[in-house]
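J.: I'd like to ask some things about the structure below.
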C-alpha cells in the first residue's frame with residue numbers, strides 16, 4: 001500500500017486509492033511489469049473476483065470503484081496475453097514478489113507435479129523461468145528465485161533444465 005494511505009492519522013477519514021499504475025500496453029504484452037507495478041504500489045492481485053473486492057485492514061474498499069473497474073478490464077487484457085504465453089497468474093505474482101520468497105515449497109510442488117504429470121510440470125517450470133527473466137528488469141530478486149529453483153536438488157533434472165537450461169547443465173558439468 002502506498003505510504004500516504006498507510007500512515008493515516010487515527011482521526012483522518014480513509015480515502016480509496018485513486019492513483020493506480022496505468023502502464024499496461026493495449027495488447028497486454030507487458031503483463032509481468034504491470035503486475036509488478038500493482039504489487040509495488042501495494043495493490044494485491046485478486047486470484048478470483050474483482051479488484052473491487054480488495055479491502056483495507058479495517059474493511060474499507062482499497063480502491064476507488066472506477067479504478068477497480070478499470071483494473072478489472074486491464075486484468076482481462078493482461079491475462080489474455082499471459083495465457084497466450086502459457087504464463088499463469090500465480091507464477092507471475094510469485095516472480096514479481098520474489099523478495100524473501102522461500103523457493104522450497106515451490107520446488108516441492110514442482111517435484112510432486114513432475115511425478116504426477118511430467119508434461120505439466122515441465123511446462124510450468126519453463127513458464128516460471130521465462131517470467132523470472134522478464135521480471136528481473138524491475139525485480140532483481142526474480143533471477144535469484146530462478147537460480148534457487150534451478151539449483152535445488154529436490155527438483156528432478158528435467159524440471160531444473162526447464163527453468164534454466166544453461167544453469168542446470170553447468171551444475172551437472174561441474175559434478176562430472
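J.: May I ask you to derive the FRET efficiency for residue 40 and residue 60 from their Cβ-Cβ distance with R0 = 22 Å, giving the value to the nearest 0.05? Spell out each step's value before the answer.
T.: Details: r = 21 Å, r/R0 = 0.97.
That gives a FRET efficiency of 0.55.
J.: Helix 118-135 versus the longest principal axis of the chain: what angle, 0 to 90°, nearest 10, using Cα atoms?
T.: Rounded to the nearest ten degrees, it is 60.
J.: Work out, step by step, the length gained on full extension between residue 118 and residue 154: first 0.36 nm times the residue separation, then minus their alpha carbon distance; give nm to one decimal.
T.: Contour length minus Cα-Cα distance gives 11.5 nm.
J.: While we're on this one: Order these by the 10 Å Cβ neighbour count, fewest first: 127, 50.
T.: 50, 127
J.: When the chain is modelled as a GNM with alpha-carbon springs shorter than 10 Å, which of 86, 30, 117 fluctuates the most?
T.: 117
J.: By how many degrees, 0 to 90 and rounded to 10, does the Cα axis of helix 103-116 deviate from the longest principal axis of the chain?
T.: Compared with the principal axis, the helix lies near 60 degrees.
J.: Please rank 138, 114, 101, fewest neighbouring Cβ atoms within 10 Å first, as an exposure proxy.
T.: 138, 101, 114
J.: Could I ask something else about it? Over the residues of the stretch 92-175, compute the C-alpha Rg and express it relative to 2.2 N^0.38 Å.
T.: 1.00
J.: Sticking with this one: Taking every pair of Cα atoms in the chain, average 1/r, invert it to obtain the Kirkwood radius, and report Rg/Rh to two decimals.
T.: On the way: Rg = 18.4 Å, Rh = 17.6 Å.
Computed over Cα atoms, the ratio is 1.05.
J.: OK, next. How far is helix 65-84 tilted, in degrees, relative to the longest principal axis of the Cα atoms in the chain, given as a value from 0 to 90 rounded to the nearest 10?
T.: For helix 65-84, the angle is close to 20 degrees.
Any read-out appearing in this document is the output of simple, stated calculations on the displayed coordinates, not a laboratory observation. Source: prediction; values computed, not measured. In this analysis, Cβ positions are derived from the backbone assuming ideal geometry, glycine residues included, and neighbour counts consider all displayed protein chains.
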